[in-house]
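As structure tokens, the structure follows; a few thoughts come after it.
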Amino acid sequence: MDVAYVTKYTHSQLAGSFLQTDGGPSIDSLYSILFDESLSRLLNNKEALRLYIQKLMIEFKFEELEFSPKKFNRKYVFAVGNPKFHNSLECEFLSSDFTNYKVPPEIEVLGADKVREFQEFCENNKRELQEKSEDVFWAHVGAKFRVRINPAKVNYANSGIRDVRGMTVDQIESLVAETIKEAVGMADHPLHGQAVRRVRYAPHREKALAAIGDDDARKVVGSFFNLKQNVINYLFELYKKQSGAEGYVLPVNLLLAADIEPCKGCFGSGGRRG
């Protein structure tokens, strides 16, 4: 089978966007398959299912998945090029991180045309973001569109989690269990636990924080979601360690079907067509 490497971010985005489970276990049993039942106190069903798909991808169990080709649909401020696949683990572009900003809800409510205008304005003035502070840049953009905005920054590290790559399977499992325990402890906290429990299954951190008015409770909820993301990242690395995989490897025919292109840096201008 002809295979190639992708970034951790691209591998993650394929799960649920291009690959779906073909039947598979019930939601009730899914958490125990992923790690143990305690995960049900942290992850919503969609997050658990995406993690399960990633586990199957890492284990190359594509017979348990079905393909539903879709183009990536990202709601980011700055233009995003098509994802790439790579011929070598040594390719410098394989470990480059993905950084962007989400289109803020204050702009989304203005309609599709205004979102497009907003994205084009930001793209054309992108250099100012590099030259000025983020606060100054977004204040300038907000003034242009007559709204106050503070877009959520997105930063996906593609180089792996450095503090777990050298660990054994048992050590990573212990780290996952400890992190789950810490996050669950926040949900049981006598002072702010109720706020955590109310939003713990929110689709993302920003939406959860938007529902919390108290500043102290917001800090706790923010810490909870950081721990939750750590659990997901640690489990991703655990599955990779258990499978013995070097990097994030996928079949080339699947990547091409998903409109992912060969990297010109390590494949050359002609690329490879399977």
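The values are calculated or read from the model by the stated rules, or taken from the named source; none is laboratory data. Since we're looking at a predicted model, the values are computed, not measured. So basically every Cβ, Gly included, is an ideal-geometry build from the backbone, and we count neighbours across all protein chains shown.
Could you give every pair whose Cβ atoms fall below 8 Å, whose first residue belongs to the range 209-237 and is more than 13 Å from GLU173 (Cα to Cα), and whose second residue is acidic (Asp, Glu), counting only separations of at least 6 or pairs across chains? Note: pairs meeting the criteria are LEU227/GLU182.
Of the residues VAL154, VAL164, which single one is part of a helix (DSSP H, G or I) and modelled with pLDDT under 95?
When all the criteria are applied, what remains is VAL164.
Whenever a residue of the range 11-34 is closer than 19 Å to LEU254 by Cβ, its partners that are among the basic types (Lys, Arg) and outside any helix (DSSP H, G or I), lying with C-beta atoms within less than 7 angstrom and at least six residues away or across chains, give the pairs SER17/LYS70; PHE18/LYS70. Does at least one position in the range 91-101 carry a residue that is surrounded by 13 or more Cβ atoms within 10 Å (Cβ to Cβ) and in contact with a Pro (Cβ under 6 Å, 6 or more places away or on another chain)? Yes, the conditions are met somewhere in the range 91-101.
Within the range 113-127, residues that are farther than 13 Å from LYS144 by Cα reach partners that are surrounded by 11 or more Cβ atoms within 10 Å (Cβ to Cβ) and of a type in the set (Gly, Ala, Ser) with beta carbons closer than 6 Å, at six or more positions or on different chains, in the pairs GLU123/ALA79.
Quick check on LYS207: is it under 30 Å from ASN124 (Cβ atoms), of a type in the set (D, E, K, R) and either modelled with pLDDT of 95 or more or in the same structural domain as PHE224 (by TED's automatic domain parsing) (or both)? Taking the combined requirement at face value, the residue satisfies it.
Selection over the range 207-226 of residues that are in a helix (DSSP H, G or I) and surrounded by 18 or more Cβ atoms within 10 Å (Cβ to Cβ) gives a count of 6.
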